[in-house]
Each structure stands twice: as structure tokens, then as C-alpha cells.
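Student: I'd like to ask some things about the structure below.
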Amino acid sequence: MKSKILLLLSVFIVSISSVRAQECMGTNMKAGSGFEMANYDGKGKLIGTMTYKIAKVTSQGGMSVITIDMESFNPKGKSELKNTYEMKCDGNTLYLDASTLINQEQMKSFENFQMKFTSTNIEFPNKFSVGQKLKDASMKGEGTSGPMTMNFNMLISNRNVESQEKITISAGTFDAYKITSDMKMETKMGFGITIDINTISWRTPGVLWDLKTESYRKGKLFSRSELTKIY
């Protein structure tokens with residue numbers, strides 16, 4: 001169970017860091033555009049890649065709604081996971097419903113419990129400033145299987161813009177904002193499992209994806225993702 005939760009978490013961390021919407025940050029999003037990420041373990045070994053492609057962009061209630069197709073590949077290039085979800089943007093802020101990131105493959109961890117999820121939006125403003133504090137986000141799930149119950153809680157908190165610095169990655173050199181956050185995941189099913197993650201991500205104006213993300217447990221780096229291509 002713990003390994004499945006860590007897999008879900010690693011996909012989630014990359015996913016929540018990866019997309020924006022039409023006209024967010026002054027960039028016009030359109031069907032067919034997208035980006036690619038490379039994922040590494042804590043020792044720098046490539047563990048897979050992920051592609052994100054915009055399937056369509058529509059308008060709803062004054063917001064742009066973007067449908068994203070995500071696909072992950074193992075180091076040998078074999079497809080392992082696909083997902084489709086939506087983002088919303090009002091031109092100044094991107095809104096992501098965290099529950100949309102739970103797809104059928106990830107749901108296998110909860111398949112016997114008929115889980116029902118509720119969540120608050122993860123918000124990304126179109127401009128950052130050093131010292132800025134971003135809103136918390138959360139997701140909760142509850143389910144039962146006969147006499148057994150399962151509860152899943154996730155809280156993303158302490159989202160702070162720490163500094164502005166220049167970084168060089170596969171996709172180029174950028175002036176970026178360094179953003180830190182904490183993530184707590186709790187799963188209870190007779191006994192409880194708690195996972196605490198500290199995340200650092202880098203973003204830059206004019207690029208709608210995270211440039212780079214690092215995730216730590218107990219101060220030790222266990223995963224890293226890096227933007228490799230924008231198209």
C-alpha cells in the first residue's frame with residue numbers, strides 16, 4: 001500500500017506542477033501545444049518521461065477550460081499511464097481541481113473501497129513576487145469495503161515564493177522564481193500511513209509549466225523533474 005501511495009504521489013507532484021491555461025501569464029494556449037518532462041530519482045537516474053498535450057480549449061462561465069492529455073513512459077519509452085483532466089483559468093489565475101488527477105490506474109489502490117473524493121482548488125497566479133504566499137489546497141477521500149473503511153487526506157500548505165534566481169535546464173536558461181511547499185498525505189485503513197513531502201519548484205513568466213521540481217522526504221531528495229521541451 002505504501003509503495004502505491006508513493007507512486008500516486010510522484011505522479012501527482014509532477015502533474016500539479018505542469019500546466020496552465022489559455023491567456024494565463026500572457027500566453028495563448030491552443031490545441032496541439034504542450035510540453036515534455038523528464039523524471040529522475042534522488043540519485044539522478046532517469047525513471048521516466050511525461051508528455052502533456054492540450055486536446056482542446058473551450059470557454060465556460062467566463063473562464064478558459066483546457067483539456068489536457070497526459071502520458072507517462074518508462075526509461076525505455078514504453079507507455080505506462082494515460083490520463084485526461086481539465087484546468088480552468090480566468091486570465092489571471094489557474095485553477096486545478098486536485099481530484100481530477102486521480103485516474104483509473106491510480107484508483108487501483110482504492111478499488112475495493114468505492115472512494116468518493118472532494119477537493120479545493122490548487123491556484124497558480126499569473127505573476128509572482130518574492131515573499132508572496134500562495135493559497136493552501138487539499139483533497140479528501142472516504143470509502144468502505146464491508147466492515148472496513150478507508151480515509152485519504154492530502155494537504156498542500158506553506159506555499160511560499162522564496163527567491164528569484166537564474167537556472168539552466170534542458171529546455172534552456174531562465175530567470176525563475178523559487179517556490180517551496182509542504183505536502184502531507186494520510187491514509188487510514190485500520191492503521192495509518194503518513195507521508196510528509198517538502199517540494200521546491202521553479203517557475204518563470206512566459207513559460208506556463210514548472211521548469212524544475214525537487215521533492216524531499218526527511219531532508220533527502222527522492223525525486224526530481226525537469227522541463228525538456230516546449231512545443
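Student: Return the distance in nm (one decimal) between the two label points of a simple spin-label model at Asp69 and Ile195, each offset 7 Å from Cα along Cα→Cβ.
Tutor: My value for the distance between the label points is 2.8 nm.
Student: Given 0.36 nm per residue, what is the gain on full extension from Thr93 to Thr173 after removing their alpha carbon distance, in nm?
Tutor: That pair, Thr93 and Thr173, stretches by 26.3 nm at full extension.
Student: Label Glu162 and Lys220 with points 7 Å out from Cα along Cα→Cβ: what is the distance between them in nm?
Tutor: A separation of 2.0 nm, rounded to one decimal place.
Student: Take peptides 209-221, 122-134 and line them up by average Cβ neighbours within 10 Å, highest first, as a rough protection proxy.
Tutor: So the peptides 209-221, 122-134, ranked by packing, come out 209-221, 122-134.
Any read-out appearing in this document is the output of simple, stated calculations on the displayed coordinates, not a laboratory observation. Predicted model, so just to flag it, every value in this text is computed and none were measured. Glycine also receives a Cβ, built like all others from the backbone with ideal geometry; neighbour counts cover every protein chain displayed.
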